[in-house]
Amino acid sequence: MEEWLVVDGYNVIGAWPELRQLKRFNLAAARDRLTDILSEYAAYTAQRVVVVFDAQHVPGRGEHESSEYLSVIFTDAEETADECIERLVGKLRDPYRRRLFVATSDYVEQRITFGRGALRISARELLQAVQRAETSVSRKVEDMKLERTTLGQGLSEEVKRRLEQLRRRQQS
């Protein structure tokens, strides 16, 4: 079953300490940082992630950017992120093929999307899930570094036999 995560971008930026701090100086940098984090998270979890940003902070946009696991939507000028998220939930909902989550700490939005069939996750819960994923990736990288790699790993038995023959000839 597919898993989709729809994220209220500015709500999450306002809730995560790192992004909230960054937003004070550069909103575009906070958006970029969030999409970078969620792109890595999506690749790790194999979830399809859609991040929605209000057009009020980026006038005249109404754009949609996509990669393998991550889509970024800037709403039209007349549409709020909440309206876009509600529309997406209605469009994406398919209880037989897809599990759908909405990440926002906006209580009203949580209730509306839950009523339309999505599961809710708060911005804080999403941050914790991202941190767990980052820890897991770091552990795997460290484990890989600790594995002893030998020169002969990956060589076929035939190649190993021929190399051993060459070594013995050189010793004689």
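The values are calculated or read from the model by the stated rules, or taken from the named source; none is laboratory data. A quick note: this is a predicted structure, and the numbers were derived from the prediction, not measured. Positions of Cβ are generated from backbone atoms using ideal geometry, with glycine treated the same way; all protein chains shown enter the neighbour counts. Side chains are part of the model used for accessible areas, which takes the heavy atoms of the whole protein and leaves out ligands, DNA and RNA. Shrake-Rupley method; radii C 1.70, N 1.55, O 1.52, S 1.80 Å.
Sorting check: for 40-48, 5-13, 67-75, which peptide has the highest mean count of neighbouring beta carbons within 10 Å, and how do the rest follow?
On the way: 40-48: 17.3, 5-13: 24.7, 67-75: 19.2.
Those peptides, ordered most packed to least, come out 5-13, 67-75, 40-48.
Taking each residue as 0.36 nm, the span from Arg98 to Arg139 lengthens on full extension beyond its C-alpha to C-alpha distance by 11.8 nm. Heavy atoms of the protein chains alone define the surface here; on that basis the chain has 65 Å² accessible area per residue at 1.4 Å probe size. For the stretch 77-83, 3J(HN,Hα) computed residue by residue from phi via the Karplus equation (6.51, -1.76, 1.60; θ = phi - 60°) reads 4, 8, 10, 8, 4, 4, 5 Hz, glycine and proline entered as x. For the chain, the fraction of 1.4 Å probe accessible surface lying on carbon and sulfur atoms is 50 percent.
As a test of the formula, what do you get for the chain when each DSSP H run with n ≥ 4 contributes -39,500 (n - 2.57) and the sum is divided by the residue count, at 222 nm and rounded to the nearest 500 deg cm²/dmol? So the helix-based figure for the chain works out to -17500 deg cm²/dmol. For the chain, the share of DSSP beta bridges that are antiparallel, to the nearest 5, is 15%. Of the residues Leu100, Ala43, Gly14, the one whose Cα sits farthest toward the positive end of the charge dipole of the chain, with +1 on the Cβ of Lys and Arg and -1 on the Cβ of Asp and Glu, is Ala43.
Electrostatic bookkeeping for Leu163 treats Lys and Arg as +1 and Asp and Glu as -1; over the other residues with beta carbon under 13 Å from its beta carbon, the sum is +3. Remark: the Gln128-Leu155 segment gains 5.5 nm on full extension, using 0.36 nm per residue and subtracting the alpha carbon distance. On full extension, the segment bounded by Leu166 and Tyr44 gains 39.5 nm, given 0.36 nm per residue less the C-alpha separation.
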